[in-house]
Amino acid sequence: MFAVTATSFDAENPLNGLTLGEVAEPVIPEGWVLVDLRAAALNHHDLWSLKGVGLRPEQLPMILGCDGAGVDSEGNEVIVHAVIADPDAGDGDETLDPRRSLLSERFPGTLAQRIAVPRRNLIPKPASLTFEEAACLPTSWLTAYRMLFTRAGLRPGDTVLIQGAGGGVATAAIVLARAAGLRVWATSRSDEKRAKAQELGAHATFATDERLPERVDAVIETVGKATWAQSIRAARPGGVVVVSGATTGDDPSADLTQVFFLQRSVIGSTMGTRGELQRLVSMVDSTGVRPVIDSVRPLSDARSGFADMFGGDHFGKIVFSI
């Protein structure tokens, strides 16, 4: 079958390790099921994998991809939950299981014609969603949902600042926050991306490091070093900064005085549970909001999608049809 794999690591130019071509068919362990994928979406996680983050050389080649939707062996249209938890972990929060992993870390990912996953990792796909739309939900959209509603605990009427408009998590957070009745502010260094963020529903947009009119209840932080100082200082006393990524670096000044003196909270967030994915899918289905898709291209053209993500030349999700 055709797949997109990491075959080597290169921290400076990750695309050097990207290989497209034929690979062996999936192995199906007991309790797992085969899914014929119809669409898969790209994430920064895939670029980090090509840089050698989260993978060891002995795991190569590894099929990349966390996001996917397709048809299972019984003909059901499904969405694939990317968090693979220990089968003995029970019904708790699988994102907190120290033995959990994401697809493309220990097990082959979704940038392929077929994938094997545990049966419990399949969520029914509503008929209202295309495969391309559904494939956007399991990683960045699920991450945004958990950050907004589980970790930050935001409610209608609260104000949220979303850093780095244009990325997959940030665009998802803008759409979901607006649909949930939040007041939505967003930042970007790009005039074009700020304009697009307002088209998506942001009530106001600001340049990175621009002074805000007032402090906010929560900040959604995925950028890292480049926006961290603003994120900490933008939260109101007792407010929260929720962090799920650091695309510009993970070593900013902690600014601890701002944290303890004004009793701000810094909370980490990673992916989401199967239950949260079900609630996200229900929210998207019932409200009519849809993932922001930058482009849809065939899986055979995956290299161009990786290049666009690496260069930052996209707004929303890059999706591959299969």
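The values are calculated or read from the model by the stated rules, or taken from the named source; none is laboratory data. Being a predicted model, the structure only gives us computed values, none of them experimental. Backbone-built Cβ (ideal geometry, glycine too); neighbour counts: all protein chains shown.
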I'd like the residue in the range 138-174 that is in contact with a Gly (Cβ under 9 Å, 6 or more places away or on another chain) and of a type in the set (Val, Ile, Thr) and, out of all such residues, is surrounded by the fewest Cβ atoms within 10 Å (Cβ to Cβ). 150
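Do the conditions hold for residue 70, that is, is it under 14 Å from residue 114 (Cα atoms), part of a loop (DSSP other than H, G, I, E, B) and either without any contact (Cβ under 8 Å) to a residue 12 or more places away in the chain or under 19 Å from the mean Cα position of the chain (by Cα) (or both)? Break it down stepwise before answering.
Values: under 14 Å from residue 114 (Cα atoms): yes; part of a loop (DSSP other than H, G, I, E, B): no; either without any contact (Cβ under 8 Å) to a residue 12 or more places away in the chain or under 19 Å from the mean Cα position of the chain (by Cα) (or both): yes.
In short, no.
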Any residue at all in the range 215-228 that is surrounded by fewer than 23 Cβ atoms within 10 Å (Cβ to Cβ), touching an Asp or Glu at 6+ places or on another chain (Cβ under 8 Å), modelled with pLDDT under 95 and in the same structural domain as residue 258 (by TED's automatic domain parsing)? yes
Could you check residue 169 against (1) without any contact (Cβ under 8 Å) to a residue 60 or more places away in the chain; (2) farther than 22 Å from residue 257 by Cα and say which number it fails? (1)
Out of the residues in the range 251-279 that are under 16 Å from residue 139 (Cα atoms) and β-branched (Val, Ile, Thr), state the one that is surrounded by the fewest Cβ atoms within 10 Å (Cβ to Cβ). 270
Name the residue that is surrounded by the fewest Cβ atoms within 10 Å (Cβ to Cβ), counting only residues in the range 177-201 that are of a type in the set (A, V, I, L, M, F, W, C) and more than 17 Å from residue 152 (Cβ to Cβ). 195
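Looking only at the range 275-283, decide whether some residue is among the hydroxyl-bearing types (Ser, Thr, Tyr), within 20 Å of the chain's Cα centre (by Cα), within 20 Å of residue 152 (Cβ to Cβ) and not assigned by TED's automatic domain parsing to the domain that holds residue 81.
In the first step, residues of the range 275-283 are kept if they are among the hydroxyl-bearing types (Ser, Thr, Tyr); the result is 282.
Filter once more, so that each one left must be within 20 Å of the chain's Cα centre (by Cα): 282.
Then drop every residue that is not within 20 Å of residue 152 (Cβ to Cβ), which leaves 282.
From what is left, the residues that are not assigned by TED's automatic domain parsing to the domain that holds residue 81 are 282.
Yes, the range 275-283 contains a residue that is among the hydroxyl-bearing types (Ser, Thr, Tyr), within 20 Å of the chain's Cα centre (by Cα), within 20 Å of residue 152 (Cβ to Cβ) and not assigned by TED's automatic domain parsing to the domain that holds residue 81.
Answer yes or no: is there a residue in the range 147-159 that is in the same structural domain as residue 212 (by TED's automatic domain parsing), part of a strand (DSSP E or B) and over 13 Å from residue 35 (Cα atoms). Explain how you work it out, then say what you get.
Start the filter on the range 147-159 by keeping residues that are in the same structural domain as residue 212 (by TED's automatic domain parsing), which leaves 147-159.
Next, from what is left, pick out any that are part of a strand (DSSP E or B): 159.
With the extra rule that they be over 13 Å from residue 35 (Cα atoms), the set shrinks to 159.
Yes, the conditions are met somewhere in the range 147-159.
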State the number of residues belonging to the range 55-92 that are at pLDDT below 90 and within 20 Å of residue 137 (Cα to Cα). 1
